[in-house]
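Beneath this line is the structure, given in structure tokens, with notes to follow.
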Number of protein chains: 2
Amino acid sequence: MKKHIYIYSPSGAVRDKAAFKRGVARLKTLGHEVEIDAAALASHQRFAGDDDTRLAAIHRAAASGADVALITRGGYGLTRLLPRINYKALGKAIDKGTQFVGMSDFTALQLAVLARTGKVTWAGPALCEGFGVTDKADEADGHSCGGVKSLGPDEIMEACFDDMITGQGEGAGWRQLREAAPVATTSVAEKSRPPKASDSFTVKHAALWGGNLAVLSSLVGTPFLPQIKGGILFLEDVAEHPYSIERMLTQLLHAGILGAQKAIVLGQFTEYKLVPHDKGFKLQTVVHWLRSQVKIPVLTNLPFGHVPTKVLLPVGAHVELAVDGRDAFLLWGHHH
Amino acid sequence: MKKHIYIYSPSGAVRDKAAFKRGVARLKTLGHEVEIDAAALASHQRFAGDDDTRLAAIHRAAASGADVALITRGGYGLTRLLPRINYKALGKAIDKGTQFVGMSDFTALQLAVLARTGKVTWAGPALCEGFGVTDKADEADGHSCGGVKSLGPDEIMEACFDDMITGQGEGAGWRQLREAAPVATTSVAEKSRPPKASDSFTVKHAALWGGNLAVLSSLVGTPFLPQIKGGILFLEDVAEHPYSIERMLTQLLHAGILGAQKAIVLGQFTEYKLVPHDKGFKLQTVVHWLRSQVKIPVLTNLPFGHVPTKVLLPVGAHVELAVDGRDAFLLWGHHH
């Protein structure tokens, strides 16, 4: 189904112009009409244009009347724009049918929109890393996935994107990590615990929210973090060491945010480097620790994050979470 | 003056045992009685013992009756202990004359103590990096300072430490950076501005608080961040890119913390690496941006941070800030 997709840059400057072009071409190949914002390739220092430029781009995206407003990439730059954004205009655009899609730094805008308007945006790919990956198996920058050289955009991501734009998406399912029982220590007595084959539970009508952990935690204490009770919080991050992930989770814990949710769903945490003096402290240690601090389920392995294979998630929508052993499903039916 | 100094490890495991020994020897050479906590060299994963071990060490330090309770080093580990600390015991120890000294991860404990008890602790050196630096000019790990190979602990730091333990310290003075006027852009109109030779102002009776920016910002929204109005906020950090520094400052700004202070004093931000795609975005850019966001003075170059030459600062004390052009003075007189 042909859709009108508006491409804009609210955060970091597009550096990989080839990926940008491939992404645009791919969306056209999929049959869409692609409109490119005048400042999509602007640059000012590390940003996609100065603050006024990026702010205007966001507002042009809202005024575009497009079916989808898709960011070129993340990076850094949205948090400092948050007080100047016209949330009413974004809310109206969403009401008229524009789906805002992005991730990473875009989490800041998504959460601020949710806090200010209660409207749903989509956690999903950015143009460059999502649709702009190379389709030539022999290119040096082609990424590998599951040992197989990538042959273009990830199929699951594209199928989820198609589900979103056609309004046919009903949810996302995945299999959690197989986990060893945690090693008992004097200081970690798990309240929550890893999934067992016999586990089966459902959480109904809970607000799905979250995104990039570093960006989300940087909004704690500000008016741009939505105050969600009884929600399902999903989190991902890239290039953050497990100790840093733990410190950010600790902030959410001590701020009363984790305890107020019905479930925590951990996505992909990638591209960090353990060091010799970690001596066994690793991401799994943090998951065990997290389970020792909260009574709610902590799920793992949601296919979302800085990875090719990812689902699209409606941030702010009320969803159902169904868990059957290691199998988990987030269901949102027809959200519009 | 001979003092009783208690050495303990509330955060990361001591990895450089030689620095630990040199630090202890140096304090003894200075005439002090050094008492070493039973778990000072403990290790569990990256931590100086598991949570219970480090918590007990903090409480032993509080019960030691020492004149100074000095951490071996920072690292990571205090934030997750904060809900379990006996603040009443720490407050009593401070009342009886124990000065708690440290920095970096220790900022978490200092701010929590201030939030819970209103008591003063000292931002200052840790044993290993402060007193344990090599005194042999030809050692491979000797650090250089101003182009001259270090010959042991920094003299200014040691003089400030001596001022603190003798109660003779009256304050700290330094010279701010010489700054170019910021380049005008459409989005940055400075409210505050760099110091001029003609600037002269004084802020009286303001609570001095702050420390490590990453640790402080990770406490926003939690009960462990003191709610200080009309204070003087000092900040430092290590290995954080300017964009990350800016994002953390943005959190403090949007949370209403920066605007509630009378001055912001930036210490040393070190060991970060700019990248080609920063394209002119640098620490000074962040300082200019910060000045565009707040009306209060933003001072620079406080000799405090992850650097050898640093002053000791009474966190939670009421101080006077006197500025005369680039020259700045923090005055706390006889605080006890």
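At a glance:
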item: Pairs with Cβ under 9 Å, 6+ apart, first in segment B:75-87 and among the β-branched types (Val, Ile, Thr), second surrounded by 21 or more Cβ atoms within 10 Å (Cβ to Cβ) and in a loop (DSSP other than H, G, I, E, B); result: B:Thr79/B:Ser218; B:Thr79/B:Leu219; B:Thr79/B:Thr222; B:Thr79/B:Phe224; B:Ile85/B:Leu78
item: Lone qualifier among A:Asp37, A:Asp50 - being assigned by TED's automatic domain parsing to the domain that holds A:Gly97, charged (D, E, K, R), more than 21 Å from A:Gly211 (Cβ to Cβ) and in contact with a helix residue (DSSP H, G or I) (Cβ under 9 Å, 6 or more places away or on another chain); result: A:Asp37
item: Residue under evaluation A:Gly230, criteria (1) on the phi > 0 side of the Ramachandran plot; (2) buried (at least 21 other Cβ atoms within 10 Å of the Cβ), criterion not met; result: (2)
item: Unique residue being within 14 Å of chain B (Cβ to nearest Cβ) and at pLDDT below 95 when the list is A:Val188, A:Val238, A:Val220; result: A:Val188
item: Of all residues in segment A:224-235 being more than 7 Å from every other protein chain (Cβ to nearest Cβ), in a loop (DSSP other than H, G, I, E, B) and not β-branched (Val, Ile, Thr), the one that is nearest to A:Leu312 (Cα to Cα); result: A:Gly231
item: Verdict on B:Pro83 being farther than 23 Å from A:Asp278 by Cβ and within 14 Å of chain A (Cβ to nearest Cβ); result: yes
item: Tabulated pairs, segment A:44-60, first at the interface with another protein chain (Cβ under 9 Å from one of its Cβ atoms) and at positive phi, second part of a loop (DSSP other than H, G, I, E, B) and among the basic types (Lys, Arg), C-beta under 9 angstrom, 6+ apart or interchain; result: A:Gln45/B:Lys279; A:Gln45/B:Lys282
item: Any hit, segment B:128-138, residues being over 17 Å from B:Phe234 (Cβ atoms), within 21 Å of the chain's Cα centre (by Cα) and of a type in the set (A, V, I, L, M); result: yes
item: Test result for B:Lys204, surrounded by fewer than 23 Cβ atoms within 10 Å (Cβ to Cβ), assigned to a loop (DSSP other than H, G, I, E, B) and more than 9 Å from chain A (Cβ to nearest Cβ); result: no
item: Unique match (being in the same structural domain as B:Ala123 (by TED's automatic domain parsing), out of contact with any helix residue (DSSP H, G or I) (no Cβ under 9 Å at 6 or more places or on another chain) and buried (at least 20 other Cβ atoms within 10 Å of the Cβ)) among B:Ala57, B:Ala18; result: B:Ala57
item: Index of the failed condition, B:Leu266 passing every other in (1) farther than 26 Å from B:Leu78 by Cβ; (2) aliphatic (A, V, I, L, M); (3) free of Cβ contacts under 8 Å to residues at least 60 places away in the same chain; (4) assigned to a strand (DSSP E or B); result: (1)
item: Which listed residue, of B:Thr300, B:Thr309, is away from chain A (no Cβ under 12 Å) and surrounded by fewer than 22 Cβ atoms within 10 Å (Cβ to Cβ); result: B:Thr309
item: Test for A:Asp135: is it within 30 Å of A:Tyr76 (Cβ to Cβ), of a type in the set (Asp, Glu) and at pLDDT below 95; result: yes
item: Looking only at segment A:269-286, and only at residues there that are in a loop (DSSP other than H, G, I, E, B) and away from chain B (no Cβ under 13 Å), the one that is surrounded by the most Cβ atoms within 10 Å (Cβ to Cβ); result: A:Tyr272
item: Number of the exception - B:Ile264 against (1) under 24 Å from B:Val319 (Cα atoms); (2) in contact with a Ser or Thr (Cβ under 6 Å, 6 or more places away or on another chain); result: (2)
item: Residues satisfying the stated conditions in segment A:42-69, i.e. of a type in the set (A, V, I, L, M, F, W, C) and more than 23 Å from the chain's Cα centre (by Cα); result: A:Ala42, A:Ala56, A:Ala63
item: Within segment B:244-263, tally of residues that are touching a helix residue (DSSP H, G or I) at 6+ places or on another chain (Cβ under 8 Å), more than 8 Å from chain A (Cβ to nearest Cβ) and touching a residue at least 40 places away in the same chain (Cβ under 8 Å); result: 3
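The values are calculated or read from the model by the stated rules, or taken from the named source; none is laboratory data. Being a predicted model, the structure only gives us computed values, none of them experimental. FYI the Cβ positions are ideal-geometry reconstructions off the backbone, even for glycines, and counts take in every protein chain you see.
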